[in-house]
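> Pasting in a structure now, in structure tokens, and then I'll have a few things to ask.
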Amino acid sequence: MQWTPRPTEDLVIGPARWTGTAMVTDVSQTGEERIITIGLIERMLLEAMDGERDVVALQEALAADDVEVPIQKLFQLLNKFAMYGIVERPFTTDQGLSHVDAGKKEAPSTLEDSAVARGSAGGLFTLWRHLGWLGHPAMFTVLMLLGVLGAMGLGLSVAAAWEELFTDPHWGLLAASAALAILWHTVVTLLHENAHAGTFHRHGGRRPFLGVTRFGIIPLPNSHLSGLSLLPRGKKAQIIAAGPAVSAALALVPVAVWQLSEPGSWLHQLAALSVCLETVVLALGLAFFPNTDGSRLLETWAGADQIQQVAFRTLSGKNPLPAALPTRTRVLVRVYPILLVLTLLAWVLAAVWATWLVLA
């Protein structure tokens with residue numbers, strides 16, 4: 001009897017993405033923590049399986065797509081799939097693969113630039129359990145509209161707020177205001193990360209947990225979302241956008257206080273400081289620096305991993321950029337260094353402008 005492989009029931013196959021050297025895809029079984037990364041040929045093999053083709057027919061299907069795989073290599077791939085439970089096993093076993101099946105409960109490791117505290121999912125990071133509603137289409141649309149209003153409010157207020165901070169400042173009150181502004185920003189950051197995590201849990205069903213990533217030498221909190229690569233690009237973009245949208249929407253609070261409080265009062269100064277701080281942090285988060293929400297959204301659109309590394313290795317000639325890649329991937333990989341330079345230039349100009357406001 002010929003083996004007619006078929007994918008395991010409830011197998012989740014994520015979108016393909018470019019790593020700089022290969023096209024890869026993450027796959028996982030619904031309800032499992034383990035995520036397995038496969039290459040392009042392996043993905044094409046999975047897509048060719050219909051439960052009716054035997055191994056020879058699968059080889060012919062791949063050949064029809066100009067992918068020649070020797071029959072021995074094909075059996076090796078299928079045996080690997082069967083071992084990890086990606087395809088239905090043509091055999092039963094009680095002990096032989098127990099060590100492999102035990103790995104189903106193991107979540108993948110984090111990136112080198114991240115550190116995580118897995119136990120925090122039940123401690124500091126519990127708000128995400130109550131924020132899944134942010135992923136509802138109607139609520140997400142409202143959130144984005146509020147975020148746009150908040151960002152506009154910051155943009156219209158930040159110049160005057162910055163100027164007021166250095167025009168006859170009350171340094172004693174300013175120190176107290178700074179402490180309260182930082183406290184407010186800490187709350188906003190916590191809600192920002194929980195918004196990522198809550199929408200992720202709604203769309204992916206997996207458990208997020210607290211993490212720390214690096215922005216240069218600066219450690220920043222982030223939500224580790226194991227399995228994000230399994231989700232369709234649209235849902236992944238929504239999860240990434242939810243964080244800055246919450247931050248921008250909450251910026252309406254200091255903007256409103258700034259606009260409504262009495263000029264020269266302590267409350268007005270506190271609001272001014274909060275407006276400036278929120279503007280800088282939000283702008284940093286949406287900039288095209290590595291490990292920002294802005295870069296993650298760009299990576300999602302491009303279908304690329306760590307786009308800054310891919311872009312500069314491509315620019316230096318270390319890695320090729322195959323013509324067979326999707327157009328958007330090739331364009332964004334080429335464009336990213338330009339975007340980064342423009343981002344750096346914008347921050348230099350902003351620093352010069354802020355200094356001029358202080359000294360003028």
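> For the stretch 122-141, check the following and say yes or no: at least one residue is more than 20 Å from residue 45 (Cβ to Cβ), at pLDDT below 55 and assigned to a strand (DSSP E or B).
No, the stretch 122-141 contains no residue that is more than 20 Å from residue 45 (Cβ to Cβ), at pLDDT below 55 and assigned to a strand (DSSP E or B).
> Which one of the conditions (1) in contact with a helix residue (DSSP H, G or I) (Cβ under 9 Å, 6 or more places away or on another chain); (2) surrounded by fewer than 16 Cβ atoms within 10 Å (Cβ to Cβ); (3) more than 24 Å from residue 196 (Cβ to Cβ); (4) modelled with pLDDT of 90 or more does residue 328 fail to meet, given that it meets all the rest?
Checking residue 328 against (1) in contact with a helix residue (DSSP H, G or I) (Cβ under 9 Å, 6 or more places away or on another chain); (2) surrounded by fewer than 16 Cβ atoms within 10 Å (Cβ to Cβ); (3) more than 24 Å from residue 196 (Cβ to Cβ); (4) modelled with pLDDT of 90 or more, the one that fails is (3).
> Here is a follow-up. Give the residue that is nearest to residue 299 (Cα to Cα), with candidates limited to residues of the stretch 1-60 that are surrounded by fewer than 16 Cβ atoms within 10 Å (Cβ to Cβ) and of a type in the set (D, E, K, R).
47
> Output the number of the condition that residue 149 fails; it satisfies all remaining conditions of (1) surrounded by 13 or more Cβ atoms within 10 Å (Cβ to Cβ); (2) modelled with pLDDT under 90; (3) over 21 Å from the mean Cα position of the chain (by Cα).
All conditions are met except number (2).
> Right, here's the next one. Please tell me if residue 119 is at pLDDT below 90 and assigned to a helix (DSSP H, G or I).
yes
> May I pose another question? Residue 289 passes all but one of (1) in contact with a strand residue (DSSP E or B) (Cβ under 9 Å, 6 or more places away or on another chain); (2) more than 30 Å from residue 163 (Cα to Cα); which number fails?
Single failed check for residue 289: (2).
> Looking at residue 30, is it within 16 Å of residue 228 (Cα to Cα) and at pLDDT below 90?
In short, yes.
> Could you tell me which residue of the stretch 262-273 is nearest to residue 243 (Cα to Cα), considering only residues that are open to solvent by less than 20 Å² (accessible area, probe 1.4 Å) and in contact with a Leu (Cβ under 8 Å, 6 or more places away or on another chain)?
Taking the candidates together, the pick is 272.
> Of these, 332, 282, which one is in contact (Cβ under 8 Å) with a residue 40 or more places away in the chain and not in a loop (DSSP other than H, G, I, E, B)?
That would be 282, the only listed residue that is in contact (Cβ under 8 Å) with a residue 40 or more places away in the chain and not in a loop (DSSP other than H, G, I, E, B).
> Given the structure, is residue 313 open to solvent by less than 90 Å² (accessible area, probe 1.4 Å), among the basic types (Lys, Arg) and either under 24 Å from residue 235 (Cβ atoms) or touching a residue at least 24 places away in the same chain (Cβ under 8 Å) (or both)?
Judged against the criteria, residue 313 is not a match.
The values are calculated or read from the model by the stated rules, or taken from the named source; none is laboratory data. Quantities reported herein were computed from a predicted structural model and do not represent experimental measurements. Counting neighbours? That spans all protein chains shown, and the Cβs are built from the backbone with ideal geometry, glycine included. Just the protein is used for accessible areas: all its heavy atoms, side chains included, with ligands, DNA and RNA removed. Shrake-Rupley method; radii C 1.70, N 1.55, O 1.52, S 1.80 Å.
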